[in-house]
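Just so it is clear, none of the values below were taken in a lab; they were calculated from the coordinates. Note that the structure is a prediction, hence the values are computed from the model and not measured. Note: ideal-geometry Cβ built from the backbone for every residue, glycine included; neighbour counts use all protein chains shown.
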Amino acid sequence: MTKFRHLIWMVIAAAGLMLSVSQSFAQQPDVGDQPGLLPDDSTELDPEYRKQMVLYRTTEAPGTIIISTAERHLYLIQGGGRALRYGIGVGRDGFQWQGLLNIARKAEWPDWTPPPEMIARQPYLPRFMAGGPGNPLGARAMYLGTTVYRIHGTNRPDTIGTAVSSGCFRLVNADVADLYDRVPVGTKVIVRQKPEL
């Protein structure tokens with residue numbers, strides 16, 4: 001009986017340790033969100049993630065945005081079997097999603113108010129941050145439907161091609177400004193986790 005009690009206490013202690021470790025990881029700063037950090041404009045993107053015209057077969061109309069989270073690319077359909085391809089950063093594990101939305105509004109040098117869910121996960125974040133170079137939303141933002149998700153710039157260009165966000169899609173500031181100028185409010189946005197066959 002004593003060995004059984006000892007075993008029970010060991011299991012309880014191990015569970016408590018695992019819980020405290022997982023909570024300490026939850027409090028760790030998210031490398032993708034560093035409010036106030038000024039972007040390093042000398043960061044050079046991998047050629048795979050630089051803006052470029054590519055061949056892209058689709059039945060979607062020109063002007064549609066297709067986001068492939070698996071590929072870490074955003075495609076702006078041009079027609080004639082072509083698309084402008086931009087490199088993006090996507091949601092980390094547990095924050096990836098798919099769906100069909102429209103751009104509901106657009107903003108230049110947007111202010112950032114992290115949603116309550118994000119504050120709960122990352123309590124060190126500011127409750128509000130005015131737009132500017134150190135703002136994690138970067139130079140432009142396009143808001144997706146009535147969700148908390150956006151296509152936006154970044155103050156961390158080194159995160160393009162990675163999965164570090166809380167579900168938004170980030171581009172380098174030059175690319176998001178280019179995309180912003182090309183698409184109106186109402187633009188159809190398709191988010192896919194897996195490439196089409």
Original post:
Across region 98-139, which residue is surrounded by the most Cβ atoms within 10 Å (Cβ to Cβ) among those that are of a type in the set (D, E, K, R) and not in a loop (DSSP other than H, G, I, E, B)?
Top reply: Lys106
Original post:
Taking region 163-197, which residues are among the β-branched types (Val, Ile, Thr), under 24 Å from Thr59 (Cα atoms) and touching a strand residue (DSSP E or B) at 6+ places or on another chain (Cβ under 6 Å)?
Top reply: Val185, Thr187, Val189, Ile190, Val191
Subject >> Matching residues in region 39-52 - criterion: being part of a loop (DSSP other than H, G, I, E, B) and under 13 Å from Asp158 (Cβ atoms) >> reply: Pro39, Asp40, Asp41, Ser42, Thr43, Glu44, Leu45, Asp46
Original post:
Could you list, in sequence order, the residues of region 43-97 that are exposed (fewer than 15 other Cβ atoms within 10 Å of the Cβ), charged (D, E, K, R) and farther than 25 Å from Val164 by Cα?
Top reply: Arg57
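Can you confirm whether Arg150 is crowded, with 23+ Cβ neighbours inside 10 Å, touching a Ser or Thr at 6+ places or on another chain (Cβ under 8 Å) and among the basic types (Lys, Arg)? Break it down into steps so the answer makes sense when it comes.
Numbers: crowded, with 23+ Cβ neighbours inside 10 Å: yes; touching a Ser or Thr at 6+ places or on another chain (Cβ under 8 Å): no; among the basic types (Lys, Arg): yes.
The answer is no for Arg150.
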Original post:
Hey, any hits in region 153-162 for a residue that's touching a strand residue (DSSP E or B) at 6+ places or on another chain (Cβ under 6 Å) and in a helix (DSSP H, G or I)?
Top reply: yes
